[in-house]
1. Within the group A:Q104, A:Q67, which residue is away from chain B (no Cβ under 11 Å) and within 16 Å of A:V32 (Cβ to Cβ)?
2. State all residues of the stretch A:60-69 that are under 14 Å from A:L30 (Cβ atoms), free of Cβ contacts under 8 Å to residues at least 24 places away in the same chain and crowded, with 17+ Cβ neighbours inside 10 Å; if no residue qualifies, say none.
3. Hey, can you tell me all the residues within the stretch A:16-32 that are away from chain B (no Cβ under 12 Å), in contact with a strand residue (DSSP E or B) (Cβ under 8 Å, 6 or more places away or on another chain) and more than 17 Å from A:Y89 (Cα to Cα)?
4. Is it the case that B:Y37 is within 15 Å of the chain's Cα centre (by Cα) and within 15 Å of A:L43 (Cα to Cα)?
5. Right, B:M94: in a strand (DSSP E or B), surrounded by fewer than 20 Cβ atoms within 10 Å (Cβ to Cβ), in contact (Cβ under 8 Å) with a residue 40 or more places away in the chain and of a type outside the set (F, W, Y) or not?
6. What is the number of the single condition among (1) part of a helix (DSSP H, G or I); (2) in contact with a His (Cβ under 7 Å, 6 or more places away or on another chain) that A:G84 does not meet?
7. Please work out if B:K107 is under 30 Å from A:Y50 (Cβ atoms), of a type in the set (D, E, K, R) and modelled with pLDDT under 95.
Amino acid sequence: DSGVTQTPKHLITATGQRVTLRCSPRSGDLSVYWYQQSLDQGLQFLIHYYNGEERAKGNILERFSAQQFPDLHSELNLSSLELGDSALYFCASSQGTGLAKNIQYFGAGTRLSVL
Amino acid sequence: AQKITQTQPGMFVQEKEAVTLDCTYDTSDPSYGLFWYKQPSSGEMIFLIYQGSYDQQNATEGRYSLNFQKARKSANLVISASQLGDSAMYFCAMREGRSAGGTSYGKLTFGQGTILTVHP
């Protein structure tokens, strides 16, 4: 168990809908990262928050947004869903942002299926 | 340009044998970290081992070791005494110390993965 909790584990929804994925980081970790894993794109970085502030954005669509709350949990909001958004979404957490030994520990992922 | 390359889509190994999974990387940043993760069929991503670019010695974690050859930009994962439970997808990943405009600091860039199958 990595200590990172993601809910829900599975999500099935229809095109055009909006969903929210939730992540609770490991105790003491200030950084939260979101990644998307799909068959065609592999594992792609979406966004990084550190202690409530957005630090970096990757290949995140404008239809997607995220935030990190004062209790450090994070939510990833996906709207106007398309079939191509079907993927496994991971949250990872780490202690800080420094390079040295800043291991990212991953949650079990949320598998999103858009029908 | 692809920053992390895993050239072996699939590998097979006999139980109790050692296996090496290849990973090459590309970066101009002198400060970076290299990571290996395991993804079993259940889907979770499990951290295995870390190597820093300034580390003098190869990293080891139990049956996992990282064969770090900086000049060749390779960071191969060696699994000794393979077990049936080692069957999984393995990802090599890199985090650079800085990037242009500082917009991707901290993110991991992953390779395409190698599926390892351990035969009894």
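1. Working: A:Q104 fails: away from chain B (no Cβ under 11 Å).
The conditions single out A:Q67.
2. Listed by number, the list is empty, since nothing qualifies.
3. A:D29 - this is the single residue of the stretch A:16-32 that is away from chain B (no Cβ under 12 Å), in contact with a strand residue (DSSP E or B) (Cβ under 8 Å, 6 or more places away or on another chain) and more than 17 Å from A:Y89 (Cα to Cα).
4. Working: within 15 Å of the chain's Cα centre (by Cα): yes; within 15 Å of A:L43 (Cα to Cα): yes.
So B:Y37 passes the test.
5. So B:M94 fails the test.
6. (2)
7. Answer is yes for this residue.
A quick yes/no check of all residues on (1) of a type in the set (D, E, K, R); (2) loosely packed, with under 13 Cβ neighbours inside 10 Å; (3) free of Cβ contacts under 8 Å to residues at least 24 places away in the same chain:
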position	(1), (2), (3)
A:G52	no, no, yes
A:G58	no, no, yes
A:D71	yes, yes, yes
A:S86	no, no, no
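The values are calculated or read from the model by the stated rules, or taken from the named source; none is laboratory data. Bear in mind the structure is a predicted one, so any value in this text is a computation, not a measurement. Backbone-built Cβ (ideal geometry, glycine too); neighbour counts: all protein chains shown.
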